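Have a look at the structure below, then the notes.
The values are calculated or read from the model by the stated rules, or taken from the named source; none is laboratory data. Because the structure is a prediction, the values reported are computed rather than measured. Positions of Cβ are backbone-derived with ideal geometry, glycine not excepted, and every protein chain shown enters the neighbour counts. Keep in mind that these areas ignore ligands, DNA and RNA; they rest on the heavy atoms of the full protein, side chains included. Shrake-Rupley method; radii C 1.70, N 1.55, O 1.52, S 1.80 Å.
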Amino acid sequence: MQFSLTVNGESLDIEAAPDDDLASVLRREGYTGVKCGCDGGICGASKVLIEGSAEMACGKAVQEADGATIQTIEGIGSQDELHPIQQAFVDHFAVQCGFCIPGMIVQTKELLEETPDPTEAEVREAIDDNLCRCTGYQKPVEAILDAAARMNGDGAVATDGGTPSAPNACEGTERNGETNE
Amino acid sequence: MSNENDPKPDGGTASHPEQDVTEFEDHPLEWDEPENNNLAPDERASVSQSAEKDDDPKLVTGQAKYTADYEKKFPDLAHAAVVRSDVPHGRVANIDTNDAEEMDGVHAVLTPWSDETPDAKYTSAGQSYPEPSPWDMNVLNEHVRYIGDPVAAIAADDAETARAAADAIEVEYEENDYVLDPEEAYSEDAPQIFGDDEVENKIVGHDYSRNRMSQIEGEIGDVDGAVDRDDVHVHETEWETIRQSHAQIEKHTTLAYTDEDDRHVLVTSTQVPNHTRRQLAHLFDIPIRDIRVSKPRVGGGFGGKQAMVVEPIPLALALAADRPVIYEATREEEFAGMRSRHPMKVRARTAVTDDGSIEAIDLYALSNTGAYGSHGMTVAGNVGSKPMPLYSKVPNARFKADIVHTNTPQTGAMRGYGAPQGTLALEGHLDEVARDLDLDPIEFRKRHYMEVGDLDEIAGMMGGEGAERRIRSCGLDECIERGMDAIGWGDIDQPDEEHRHRGIGMALSAQGTGVAGDELGAAQLMMNEDGSFHLHVGGVDIGTGADTAFIQIAAEVLGCPETDIVIKSSDTDVTPFDYGAYASSTTYISGMAVKKAAEDAKERILHWGSKLLEEPEANLETGDGEVYSEETGESVSLEEIGYEAAYGHDEREHILGKGTHCTEESPPPFAAQFADVTVDEETGEFEVNKLVVAVDCGVAINPGMAEGQVEGANHMSYEMAVSEGITFDDDGRSEVTSFGDYDWPTASETPTIESILVETHEPTGPFGAKSVAEVPTNTVPPALSNAIRETVGVRITDMPITPEKIRAALEDDE
Ligand code: FES
Ligand code: FES
């Protein structure tokens, strides 16, 4: 069957079976930044923004997404011009193997659009279904808090290429007046 | 081939109680360290700077390629599915593949009897050669030993068809009795899992009539003598650990094909490209040179991808189907068919005098290695040989382990490698002893732990040449001091409610850095005419940032910006040899090979600099992308040198550097762990307020990345303290089939983890570095058990620590 999607601003006509899952369809179309880490619907690696809300693409049949506007990790910043969220992840060493990171960044984008100044608890809650085996969540949480600060204009300039060392990471935490203790 | 008389020194593998301790001279106190290896902080240009992780821009934009992302390059790619045993123990009596073979889109069906299925025995362990693991398995098994053992494999047009074909295969089993509990398995009348003729390369201490794959023992001094003295208190405690899954978010994935030159190529998510190549050559009887193993980005390893778990299957299928085949394990297979941490029972016994002098430590482990023996002996050896040396001042020490088979999935290498099990027992035990004798738990440890200058004989007590070591760097004091500060030791507020209590527990740990005397790393550096470099290194970056550390080490030597170095790692056709990413060896061993390669190239760079500047080489140094004269201040850029070397008139040269590195050294990194907990004495509910872990990893090549390693390891350690791991029903079926069943701490369930790096200088490591990524895996279970004991007075010894167990213990107490 034919489906049409708008992916990262481009319209795509796709031939697929109606219940093909959206993650596989997007990966087939070359959006391999959409990762698959579980047998579906649990790990968060396949999150994309569907009409602005972060959803696990593997858990959605392509027919349910027909006509939708989708943003994948490939549509959020580029290697030359990282999105402030991506830059914050880089600067805070929040990326290790990177497999969970596209989903994590997609989720962060939704979070910060809805809650521009989240508390640490809100950040942890938001990425609660983004499983990461590498980082222990500490640096991703710091990165997300700092990304919020950057996007609110009260943090470092996101794309200056600067690499604040990890201790600076805490500034975001303090600014938001909350720790996990 | 037999290993029995040739045990490998993989951290303690053989029973050699009578062995002579290596002579003092072999471990001189003074290490002949090259001057350029010890840079003061202000002399470091790349090293110990938090340089941006080399692959990050690709990773954060979704452009990085992992194995599954190569699919599109192969239009005729087939997908694999595996039929796995449905019974815990039995023999395949009949297998009907007709329906599967007739399905549309099916290209190959393999059973244990197919021509393309290798029939050689092997181990999936992914260790050096000869492997200190038994060759006890087949790629596809007629004798199945756990639910999940591979029996047949299919290649089809797509994953769904392959799965459907797998489901259409009917297997009849002749079922055998099975045993799941290691203590039961280790008795004369238990069902025997291996016939004596079913194992090659048997390991020291095996007794398959009792399902024992190995038994090891080592001792220094006279433990029994010390225990019998009448001026000592003898304490004994027993501990139990979970079966933890590696749970890498990227599943095991391999893509195999035969290229236009008839060479067999595997793009695979592995930690050990060279060991994988060697094991495949053995299985398929193909020359090593005709196999190419290439590692793209890897989505986490943690030891799970040291095992050659899936690679032979897609290769056999690719040969049978005559087309490229990809096999991506399912998450269910990850939990039931891949590897996991050896669950163990560990008994700790000490003899301690009234005034708190430890006269003897005696540790015994019963390890459940599951259905096969990969890493069985060596992981068990490390239960003793990693944690016990921490207390190198104790005169009498003994370690013994029995490693037994059960009809449960295979275990294997996992971050920490036996040290978490041993550390729980030892650090929990010492805490209990300190309480009993009314000693300060920290001062009690300090009296006995390692110091710089000590000759650590305990590390060598299990045999294996060169396993004793001289301690040349030790930041334990500072780890403890800074950790105490950060956690607020002795300075915490109690909750207002009377039934809630707050307290802190601590634990220490030591690991190793590489396997002493059993590692090899190599690197090659090629200079381009524009002054940039290609760095080819066998070392394996599985997400740790090793590539970046390699670049930083090379950049420090060459005096060039990191961005001028293009790295290519872990492709056996292109990059030099390496043992792979395990045993915390990558920065230390492969990193030193990189340093040597860079120094080799630098020699030639200085030669050309001398020519262009007309100054003796001795006056020249590299820095800021130039060769400059310390005498005249004149300089010439690396680019000018590159062009002159490539296109000069009277002399030409491709500037190349090579380095290989191996060593008998394995310096321990150290960790001091602190856990702050609040416990409700009515319900047993507890909340971990904060974890602090201070680590001495020598000089951190990249502090930002090193902190990330520490925090990730500590999270994994926290999981071992509070989560159930993989459990089985009475039939031996895994109760965990998805992440939904695997109860590990998510972001909101994970406390703040504060990592502290304590810098020391390890003269045997590149620029003073030793390992970092394993030691913080060992420490949360004992620290949390100790914290609960401190807070509400009950001791939890079997992991995980749960509110139910605490409540039950509190009720018992009353
Ligand atoms: S693959 Fe989609 S959530 Fe795991
Ligand atoms: S960075 Fe590896 S899973 Fe998150």
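Taking amide H positions as modeled 1.01 Å from N, with prolines and chain starts lacking one, the residues under 5 Å from B:Leu180 and 5 or more places away or on another chain are B:Asn407. Averaging Cα coordinates gives a centre for the range B:218-249 and one for the range B:329-395; these two points are 9 Å apart. Restricting the range B:596-705 to GluC sites (Glu not before Pro) that sit in a DSSP loop and have at most 10 other Cβ atoms within 10 Å of their own Cβ leaves B:Glu614, B:Glu630, B:Glu651. Using the 1.4 Å probe convention, the accessible area of the range B:336-415 works out to 13 Å² per residue with neighbouring protein chains retained. The dipole here belongs to the protein assembly as shown: it is taken about the Cα centre, uses +1 on the Cβ of Lys and Arg and -1 on the Cβ of Asp and Glu, and is about 1120 debye.
Calculated mean residue ellipticity, 222 nm, chain B: -7000 deg cm²/dmol, from DSSP H runs (n ≥ 4) at -39500 (n - 2.57) each, averaged per residue and rounded to 500. Interface residues of the range A:85-130, defined as a loss of at least 50 Å² in heavy-atom accessible area between the chain alone and the complex of all protein chains with a 1.4 Å probe, are A:Val90, A:Phe93, A:Val95, A:Gln96, A:Cys97, A:Phe99, A:Arg124, A:Asp128. Averaged per residue, the range B:508-551 has 16 square angstrom of accessible surface, using a 1.4 angstrom probe with ligands and nucleic acids left out.
Using only side-chain charges placed at the Cβ, +1 for Lys and Arg and -1 for Asp and Glu, the dipole size of the range B:286-351 relative to its Cα centre rounds to 580 debye.
Ranking of B:His429, B:His233, B:His654 by solvent-accessible surface, largest first: B:His654, B:His233, B:His429 (1.4 Å probe, protein heavy atoms only, all chains present).
Placing one identical point scatterer on every Cα of chain B and ignoring solvent, what is log10 I(q)/I(0) from the Debye formula at q = 0.06, 0.09, 0.10 Å⁻¹? Listed by q, the Debye log ratios stand at -0.39, -0.87, -1.05.
For the range B:161-220, the solvent-accessible area with a 1.4 angstrom probe is 47 square angstrom per residue. The accessible surface of the protein assembly as shown, taken with every protein chain in place and a 1.4 Å probe, is 41 percent carbon and sulfur. Note: the range B:554-603, Cα convex hull, 86 Å³ per residue.
Computed over the range B:495-607, relative contact order equals 35 percent, with contacts defined as Cα pairs under 8 Å that lie 6+ residues apart. Considering only B:Asn778, B:Ala159, B:Val346, the residue lying farthest towards the positive end of the dipole of chain B is B:Ala159, judged by Cα position with unit charges set on Cβ.
A simple rule links phi to the HN-Hα coupling: the Karplus curve 6.51 cos²θ - 1.76 cosθ + 1.60 with θ = phi - 60°, which for the range B:44-56 gives 8, 9, 10, 5, 6, 9, 7, 5, 4, 5, 3, 9, 4 Hz, with x for Gly and Pro.
For the range B:562-657, a simple Cβ point-charge model (Lys and Arg +1, Asp and Glu -1, everything else neutral) yields a dipole of about 600 debye relative to the Cα centre. Accessible surface buried at the A:B interface totals approximately 4400 Å², computed with a 1.4 Å probe on protein heavy atoms. Spatially, the range B:60-92 and the range B:431-454 are offset by 50 Å when compared through their Cα centroids. Mean silhouette area of the protein assembly as shown, derived from the convex hull of its C-alpha atoms and averaged over all directions, reads 41.0 nm².
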